[in-house]
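Heads up, the thing below is written out as structure tokens.
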Amino acid sequence: MSSLPAASRSTILEVARDAGVSKTSVSRYLGGERHRLSIAMQTRIATAIQRLDYRPNQMARGLKGGRSKLVGMLVADIRNPFSVAVLHAIEQACRARGFSLLVCNTDNDPDQERDHLALLASYRVEGVVINAAGRPSAQLKALADQGTPIVLLDRSLNDVEADAVGLDNAGAIDMALGHLLDRGYRHVLYVSEPPEGASSRQLRLERFRQRLAQVPELTGETTCLPMQRDNDALRQTLHEFMSGGGPVPRAILCANGNVTLQVAHALNALGVTLGETGLLGIDELDWCALAGPGITTLAQPTEAIGQATVASLMQRLEPTGRQAPPRRTEYAARLIARGSTRRP
């Protein structure tokens, strides 16, 4: 038998000819109906598949059978450490259930988000996990109308009825401020990325302001980083905070891992001694244990969040799960105390 050119791809018909069986028999072998074939026929088909290096087109087979076995995922910022960690957990959970994950990065661009949702619909994904960048209610509604289950990750959308999985944001802020208060800090600067379009940022900012109003021992202020990184402006903001009025000691609370990284760079450039000025960041990053005396963080249980997201999606794929009311699953953060909140 002559070998095929390296660039070609074997077909199911070529496998059938090589094995001396019908195309239907090969389809049965690949489609889980091997019990309908004799052992000798199964052996010939398996040998032909191996010899020809045949790889079935899972997309085409899935669409023909009404199942794509694809889960779509929209990520607002794939560079975000939280997104990377949760993405890994979701991919593992999908693979364990026989599903493949199709990931689209929107770069926090609502236009890209709408385009990617249309793309996922064209691939006939069986479910969608969305870490929303904007308010793509029309596109999500179109998917939902097709019967596609949707799970919102980290960020909620008020006008979309869907399961949501993420951090207990209010509890995280309470934990952070409680820790800073216990360590003797009395004036806190909360640094966030722009809260518009991200419900988790809005919830954390709102909770910070609520707690300041409720806790007489604490005072504070807030600032938002510009969309385009401006290191000079951030250093000026931090310098004014540390040298301005208000109670001492002072501390800085960072809303997520990206903010923690920028603030840590700025404090280093200003020659600030961590601990004397407190620093606490939401999201645990690998480098936080290595920077200066170590940066105190609130770690999100990304593995549990990813697993719960896929579990929720799979439940919605079951006939009994489609009609259940939307559920919200929240996880508590875990405090990892280090030297950046240990006063001299």
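The values are calculated or read from the model by the stated rules, or taken from the named source; none is laboratory data. Quantities reported herein were computed from a predicted structural model and do not represent experimental measurements. Neighbour counts are summed over all protein chains in view; Cβ atoms, including those assigned to glycine, are modelled from backbone coordinates with ideal geometry.
The C-beta contact set for the stretch 88-116 (first residue in the same structural domain as residue 307 (by TED's automatic domain parsing), second residue of a type in the set (Lys, Arg) and not in a helix (DSSP H, G or I), distance under 7 angstrom, 6+ apart or interchain) comprises 98/69; 99/69; 100/69. Return the pairs, sorted by first residue and then second, in which the second residue is of a type in the set (Ser, Thr, Tyr), the first residue lies in the stretch 160-177 and is part of a helix (DSSP H, G or I), the beta carbons are less than 8 Å apart, and the residues are 6+ apart or on different chains. Once the first residue is part of a helix (DSSP H, G or I) and sits in the stretch 160-177, its partners that are of a type in the set (Ser, Thr, Tyr) give 169/200.
Scanning the stretch 32-57 for residues that are of a type outside the set (Asp, Glu), at pLDDT below 90 and exposed (fewer than 14 other Cβ atoms within 10 Å of the Cβ) yields 32, 35, 36, 50, 55, 57.
In the condition set (1) buried (at least 16 other Cβ atoms within 10 Å of the Cβ); (2) among the basic types (Lys, Arg); (3) assigned to a helix (DSSP H, G or I), residue 141 is compliant with all but (1).
Yes or no, residue by residue, for (1) touching a helix residue (DSSP H, G or I) at 6+ places or on another chain (Cβ under 7 Å); (2) farther than 24 Å from residue 129 by Cα; (3) surrounded by fewer than 23 Cβ atoms within 10 Å (Cβ to Cβ); (4) of a type in the set (A, V, I, L, M, F, W, C):
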| position | (1), (2), (3), (4) |
| --- | --- |
| 253 | yes, yes, no, yes |
| 277 | yes, yes, yes, no |
| 320 | no, no, yes, no |
| 335 | yes, yes, yes, yes |
| 341 | yes, yes, no, no |
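Looking across 162, 198, 176, one residue alone is touching a strand residue (DSSP E or B) at 6+ places or on another chain (Cβ under 8 Å), of a type outside the set (Val, Ile, Thr), crowded, with 18+ Cβ neighbours inside 10 Å and in the same structural domain as residue 266 (by TED's automatic domain parsing). It is 176. Applying the criterion of being without any contact (Cβ under 8 Å) to a residue 40 or more places away in the chain and of a type outside the set (A, V, I, L, M, F, W, C) to the residues of the stretch 274-307, the residue that is farthest from residue 152 (Cα to Cα) is 277. Exactly one residue out of 153, 205, 181 is closer than 21 Å to residue 341 by Cα and buried (at least 17 other Cβ atoms within 10 Å of the Cβ): that is 205.
Within the stretch 103-159, being within 16 Å of the chain's Cα centre (by Cα) and polar (S, T, N, Q) holds for 105, 106, 108, 131, 156.
The set of residues from the stretch 265-298 being more than 28 Å from residue 107 (Cβ to Cβ), among the β-branched types (Val, Ile, Thr) and not in a strand (DSSP E or B) comprises 272, 273.
Within the stretch 237-264, the residues that satisfy the criterion of being closer than 25 Å to residue 196 by Cα and part of a strand (DSSP E or B) are 251, 252, 253, 254.
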